[in-house]
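Please treat every number below as a calculation from the coordinates, not as lab data. Quick caveat: nothing in here was measured; it's all calculated off a predicted structure. Ideal geometry is used to build each Cβ from the backbone, glycine not excepted, and the neighbour counts take in all protein chains shown.
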Amino acid sequence: MSIERTRNFSIIAHIDHGKTTLSDRLLEFTKTISQREQQAQLLDAMDLERERGITIKAHPVCMFYKAKDGLEYKLNLLDTPGHVDFSYEVSRSLAACEGALLLIDASQGVEAQTVANLNLAMQQDLHVIPVINKVDLPSADIDKCKRQLEDILQLPSDEAVPASAKMGIGIEDILEAIVAYMPPPKDPADGYVRASVFDSIFDPYRGVVSYVRVVSGTIVRGQKVRMMSTGLDYEIKDVGIFRPKMTACEKLEPGDVGYLIANVKSTADVKIGDTITESRRPSPEPLPGFKEIHPLVFSGIYPVSTDDFEALKLAVGKLQINDAAFTFMAESSAALGFGFRCGFLGLLHMEIVQERLRREFNMDVISTYPSVIYEVRKTDGTEMLVDNPTFLPSANEIDEIREPMVRVNIMIPNDYIGDMMQLVMDKRGQVNNTETLDDRRVLLHTVIPLNEILVDFNDKLKSITRGYGSMDYEHAGTQAAELVKMDILIAGDPVDAFSCIVHRSKAESRGRQLCQKLKEVIPQQLFVVAIQAAIGGKVIARESISALRKDVTAKCYGGDISRKRKLLEKQKEGKKKMKAIGKVNIPQEAFIEVLKTN
Ligand code: GDP
């Protein structure tokens, strides 16, 4: 099919605005899938993704649509991950498109995520067609949405298509708008082969599958190709398109979106954003926009039972094959034994990996308090990066510590401005600008240390705004701060698993909180046990556990029942685990309790 009749597009939307439902409708309308097949919403295949309403892996799909002009068009829908942790993946997927549908829930209007994703689309120069979804709802307010499109997003509202993905209203109008307004791909036709990789997956039967958009030239089976970032050559074993299942085809041509399978071992060898060219006649320049991605959030992951270390090693290795952004390195902790220091793109990514370890690999793991990467300048003039508090040099060797910052855009109803500003302040953030969106809502432009939004920021935002607030963040460089390493000592011995890097102003309250928590979970011993929080040897908080008396039968730990029951069962199996920290025995569940709730 000629390139003039190809359209590559994405759907950008805030979570729950109906992206999955609309995608399914488009597939159904173009008979790419039958209604029967559709029962399970196809594009969000992974359980975890479905549950959380997020897409992690971009699944493209190719549809053929006979338009009202009588011609048949090839429409490639590239799904994009809907979360900021994956914004690089989003931008690579968008770079493979010429247009995007901007989906807005007619009863909710524009949300923070919508603004962020639209910005990414604009940076790629995409033609954006607004779709106002859920017009079937009694609370739908199409006029208000149109005003917001003009005022907040500066998009012409007359192109907006009203639709209901659920009821199947406006689906044909959307397809016609795609054909009419979105431009076809351009082919530089200069004789070079160039395809950009926007994702890769590991298929247990076929190995690494790279998702590509061909920009120029043709890709066929048997061809020798080169990954331009590494200079490594591979032979193409298979090429094909997504209908929506992988379907082999003869070749991929300019403008096409499809997959290729080469003799690549691990997804880590396929870099997202990389350019594939022909080995015989390589393109002089790669396609623009390639960036190595580096993890930003780190945490130690340890097996609850030390016997499970080998199983955990196998599991993290398998996860990485499928998720090149996830990194791990063996590390050991005096308190937790052998485990891995793992790197993630962000918090959600971290939660997903931990959850997958539990569900898919049946691993019971403990993860340490998440940390960001700090840039440390030492007094001897050298610089180092620290992602694990254990490795922070002692205070007298440190000249300056810089921490990563994020620009956070927070959209909230007017009524909650005061409380929200307070939260930002509590998190050492700064509100730079307040923008009025309409008569009900404002957008706060803030800058906050990444470390401060790691744990509970989003939950707090939701509870302050009763669920009506939304946020989005992007990275904003580093900034020097008064950060210190806080150690926790039990009966005088430091416990590495509880060490953390905190801002000086927060050290005391956090130290006190940790000590109290530990006091609750550590059983009494035959002697008095001191629990202390200290900065460079100076104690800033302390608690003590009185000595055991004869009549004490059991100690009750807080925490959720199922976890407790599971632990009890484990104990029954005769696997009672205690870690000896100096002369104090600490049950494994004490670590879990403390690390879980922090
Ligand atoms: P996503 O998170 O953007 O992928 O959103 P989903 O497609 O999963 O939809 C979120 C919720 O909105 C689901 O409960 C859908 O049934 C519902 N929904 C989607 N489109 C419409 C629509 O046009 N009208 C109504 N009333 N509900 C819709």
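Stretched out fully, how many nm does the piece from E250 to L71 gain, at 0.36 nm a residue minus the Cα gap?
Taking E250 through L71 to full extension adds about 62.1 nm, to one decimal.
Determine the alpha carbon to alpha carbon distance for each of K146/K427; K66/K245; K74/K251; K265/K318 and list only those over 24 Å.
The pairs that break the limit, which is 24 Å between Cα atoms, are K146/K427.
So, R0 is 41 Å and r is the distance between the beta-carbons of R221 and E292; what FRET efficiency does that work out to, to 0.05?
That pair, R221 with E292, gives E of 0.90.
Any number yet on Rg/Rh for region 77-168, C-alpha, Kirkwood?
That ratio is 0.97, to two decimals.
Counting only other residues whose beta carbon sits under 13 Å from that of K224, what net charge do I get with K and R as +1, D and E as -1?
Local net charge: +2.
Label Q524 and R504 with points 7 Å out from Cα along Cα→Cβ: what is the distance between them in nm?
Distance between label points: 4.1 nm.
In degrees from 0 to 90, rounded to the nearest 10, what is the angle of the helix 309-322 Cα long axis to the longest principal axis of the chain?
Between helix and principal axis, roughly 20 degrees.
Where does each of 185-191, 469-475 land if you order them by average Cβ count within 10 Å, highest first?
Sorting 185-191, 469-475 by mean packing, highest first, produces 469-475, 185-191.
Just the Cα atoms of the chain, one point each, no solvent: what log10 I(q)/I(0) does Debye give at q = 0.09 Å⁻¹?
Here the Debye-derived log intensity ratios amount to -0.81.
For R441, which sequence-distant residues (separation of 5 or more, or a different chain) have an amide H within less than 5 Å of its own amide H, given hydrogens modelled in the peptide plane?
Distant-sequence amide H within range of R441: N414.
Roughly how far apart, in whole Å, are the Cα centres of region 245-323 and region 63-123?
Each part reduced to its Cα centre gives a spacing of 23 Å.
Starting from the 7 Å offset along Cα-to-Cβ, what nm value, one decimal, do you get for the label separation of D399 and A547?
5.2
List the pair-distance distribution P(r) of region 306-449, using every Cα-Cα distance, as the percent of pairs falling in each 10 Å bin from 0 up to the bin containing the longest distance, rounded to whole percents.
9, 27, 26, 24, 12, 2
Just subtract the alpha-carbon distance of R243 and K583 from 0.36 nm times their residue separation and send over the number in nm, one decimal.
Details: separation 340, 0.36 × 340 = 122.40 nm, distance 6.32 nm.
My answer for the length gained is 116.1 nm.
If you fit an axis through the alpha-carbon atoms of helix 561-572 and take the longest principal axis of the Cα set of the chain, what angle between them do you get, 0 to 90°, nearest 10?
For 561-572 against the chain, the angle is about 60 degrees.
When Lys and Arg each count +1 and Asp and Glu each count -1, what net charge do the other residues less than 13 Å away from L312, Cβ to Cβ, add up to?
-1
Which FRET efficiency value, to the nearest 0.05, is calculated for S139 and D173 with the Förster distance at 22 angstrom and r the Cβ-Cβ distance?
With R0 = 22 Å, the Cβ-Cβ based efficiency is 0.50.
Counting Lys and Arg as +1 and Asp and Glu as -1, what is the net charge of the other residues whose Cβ lies under 9 Å from the Cβ of I132?
+1
Tell me the label-point distance for the pair D380, A330, using the 7 Å Cα-to-Cβ offset, in nm and rounded to one decimal.
2.8
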